Amino acid sequence: MPLDKPLWVFGYGSLMWNPGFAHARRSRALLYGYHRRFCIQSLRYRGTPEAPGLVLGLDRGGSCVGMAFQVMPADIPAALDYLWQREMATGVYRPRLLRARLIGEDRVTVYGFVADRRHNQYCHYDDPADAARLIASRTGPAGPNWEYLANTVAHLDELGIGDGPLHDLLDRVRAVMGGRLPCEA
């Protein structure tokens, strides 16, 4: 990866509002060929090894609107080190250079983390009700799994990024939890 020109990093989950690395600018971006999905078992943040939670991954197919962050050359090594520690602790993601279109601008190459379907933490729920039950019932060191989903939906709304399937999943989690999340009581 060249370190002499800016690098764009693509965020589709908590990275969108909590990047954790220095960046010169950010822009909404559209990525084709992947979509945002709760398909990764969380063993250390929103679940435990004994009772895994479920977190987002970029999965094959469709498209995804997220945030692209432009990292200047001097900041690239620190940003990559940080991202590697944050995203690659268990190896469930595969770092990739992908093509995305900045909203209202041109296409750029972005660095992103794609779910590895061969990894043992990858899981695909065909029935959203099953995913909702799991998310409603799991907690890890970073807090309840439902909180991660609710925060993601709230931040997507705040950023003006629509994601109907995540809104539907949050409604299903609410139903499992008696119609309201604890933070809404």
The residue that is surrounded by the fewest Cβ atoms within 10 Å (Cβ to Cβ), considering only those in the stretch 141-155 that are in contact (Cβ under 8 Å) with a residue 24 or more places away in the chain and aliphatic (A, V, I, L, M), is Ala142
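Check whether at least one residue in the stretch 12-27 is in a strand (DSSP E or B), in contact (Cβ under 8 Å) with a residue 60 or more places away in the chain, touching a Leu at 6+ places or on another chain (Cβ under 7 Å) and of a type outside the set (Gly, Ala, Ser), and report yes or no. If you could, list the steps in order and put the result at the bottom.
First pass over the stretch 12-27, keeping only residues in a strand (DSSP E or B): 25-27.
Next, only the ones that are in contact (Cβ under 8 Å) with a residue 60 or more places away in the chain stay: 27.
In the following step, the residues that additionally are touching a Leu at 6+ places or on another chain (Cβ under 7 Å) were identified as 27.
Those still in the list that are of a type outside the set (Gly, Ala, Ser) too: none.
Checked against the condition, which is being in a strand (DSSP E or B), in contact (Cβ under 8 Å) with a residue 60 or more places away in the chain, touching a Leu at 6+ places or on another chain (Cβ under 7 Å) and of a type outside the set (Gly, Ala, Ser), the stretch 12-27 yields no hits at all.
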Would you mind finding the one in Gly20, Gly33 that is small (Gly, Ala, Ser) and out of contact with any strand residue (DSSP E or B) (no Cβ under 8 Å at 6 or more places or on another chain)? Gly20
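Just to be sure, is Asp59 of a type in the set (D, E, K, R), free of Cβ contacts under 8 Å to residues at least 40 places away in the same chain and closer than 18 Å to Leu97 by Cα? Please lay out each step first, then the result.
Details: of a type in the set (D, E, K, R): yes; free of Cβ contacts under 8 Å to residues at least 40 places away in the same chain: no; closer than 18 Å to Leu97 by Cα: yes.
In short, no.
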Sole residue being charged (D, E, K, R), in contact (Cβ under 8 Å) with a residue 60 or more places away in the chain and in contact with a Phe, Trp or Tyr (Cβ under 8 Å, 6 or more places away or on another chain), chosen from Arg86, Arg138, Arg99: Arg99
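Every residue, every condition in (1) more than 15 Å from the chain's Cα centre (by Cα); (2) among the hydrophobic types (A, V, I, L, M, F, W, C); (3) at pLDDT below 95, yes or no:
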{"residue": "Thr90", "(1), (2), (3)": "yes, no, yes"}
{"residue": "Tyr93", "(1), (2), (3)": "no, no, no"}
{"residue": "Leu102", "(1), (2), (3)": "yes, yes, no"}
{"residue": "Arg118", "(1), (2), (3)": "yes, no, no"}
{"residue": "Tyr122", "(1), (2), (3)": "no, no, no"}
{"residue": "Tyr125", "(1), (2), (3)": "yes, no, yes"}
{"residue": "Pro128", "(1), (2), (3)": "yes, no, yes"}
Across the stretch 38-50, the tally of residues that are closer than 17 Å to Ala150 by Cβ and part of a strand (DSSP E or B) stands at 2
Just one listed residue, out of Asp81, Asp116, Asp106, Asp127, is under 25 Å from Ala175 (Cα atoms) and either surrounded by fewer than 17 Cβ atoms within 10 Å (Cβ to Cβ) or free of Cβ contacts under 8 Å to residues at least 24 places away in the same chain (or both), and it is Asp127
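The values are calculated or read from the model by the stated rules, or taken from the named source; none is laboratory data. Everything quoted here is computed from the prediction, not taken from an experiment. Neighbour counts are summed over all protein chains in view; Cβ atoms, including those assigned to glycine, are modelled from backbone coordinates with ideal geometry.
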